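Have a look at the structure below before the remarks.
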Amino acid sequence: MTYGAYLTKQWGIDPKRPTPSHTNFDNVDYVPTNSKVLLGHHFASIAGAGPIAGPIQAAMFGWLPVFLWIVIGSIFFGAVHDFGSLLASIRHGGKSIGEIIEVNVGKRVKSYLIPLLGLH
């Protein structure tokens, strides 16, 4: 909660600014959603492999490195990545990361970056 509030302040996020689900409402792709439902979907998508990968990594490296990676990695890398990706999408009208890359660096650079980033 505190780190998210800090990032919100640093990135100049205005919570009153309408999101693409309101400005582009079409009742198909752009539909305002309850924030609790949205959090549940987002959490499920990022935490999906944790129950499988965590015990396997712990068996290989021990519990301490895995615990540190989960705490430090998820807060300072994963959360910032997800928060920044969602913010970029919102600020570009709900576009995908591939479309945002094309707008900012061009179609030619996008054709090089998409395979490198593992996007399709």
Task: Where Ser21 falls short, out of the listed (1) more than 19 Å from Ile75 (Cβ to Cβ); (2) at pLDDT below 90 - done: (2)
- [ ] Identify the residue in the range 83-103 that is of a type in the set (Val, Ile, Thr) and touching a Leu at 6+ places or on another chain (Cβ under 7 Å) and, among all such residues, is nearest to Leu38 (Cα to Cα).
- [x] Ile97
Task: For Lys107: the one exception among (1) at pLDDT below 85; (2) exposed (fewer than 12 other Cβ atoms within 10 Å of the Cβ); (3) among the charged types (D, E, K, R) - done: (1)
Task: Odd one out for Met60, checked against (1) touching a Phe, Trp or Tyr at 6+ places or on another chain (Cβ under 8 Å); (2) part of a helix (DSSP H, G or I) - done: (1)
TODO: Check Pro32 against each of (1) at pLDDT 85 or above; (2) in a helix (DSSP H, G or I) and name the one condition it does not meet.
DONE: (2)
TODO: Among what's in the range 50-74 and is surrounded by 10 or more Cβ atoms within 10 Å (Cβ to Cβ) and within 20 Å of the chain's Cα centre (by Cα), pick the residue that is modelled with the lowest pLDDT.
DONE: Gly50
- [ ] Take the residues in the range 89-116 that are of a type in the set (A, V, I, L, M) and touching a helix residue (DSSP H, G or I) at 6+ places or on another chain (Cβ under 8 Å), then tell me which one is nearest to Asp29 (Cα to Cα).
- [x] Ile90
Task: Residues of the range 1-17 that turn out to be over 17 Å from the mean Cα position of the chain (by Cα) and within 14 Å of Arg91 (Cα to Cα), as a count - done: 5
Task: Which listed residue is under 26 Å from Tyr3 (Cβ atoms), in contact with a His (Cβ under 8 Å, 6 or more places away or on another chain) and in contact (Cβ under 8 Å) with a residue 12 or more places away in the chain, from Ile100, Ile114 - done: Ile100
Task: Considering residues of the range 86-112 that are of a type in the set (D, E, K, R) and in a helix (DSSP H, G or I) only, the residue farthest from Phe43 (Cα to Cα) - done: Arg108
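The values are calculated or read from the model by the stated rules, or taken from the named source; none is laboratory data. Every value quoted in this text rests on a predicted model; they were computed, and no experiment measured them. As a convention, Cβ positions derive from the backbone with ideal geometry for all residues, glycine included, and neighbour counts pool all protein chains shown.
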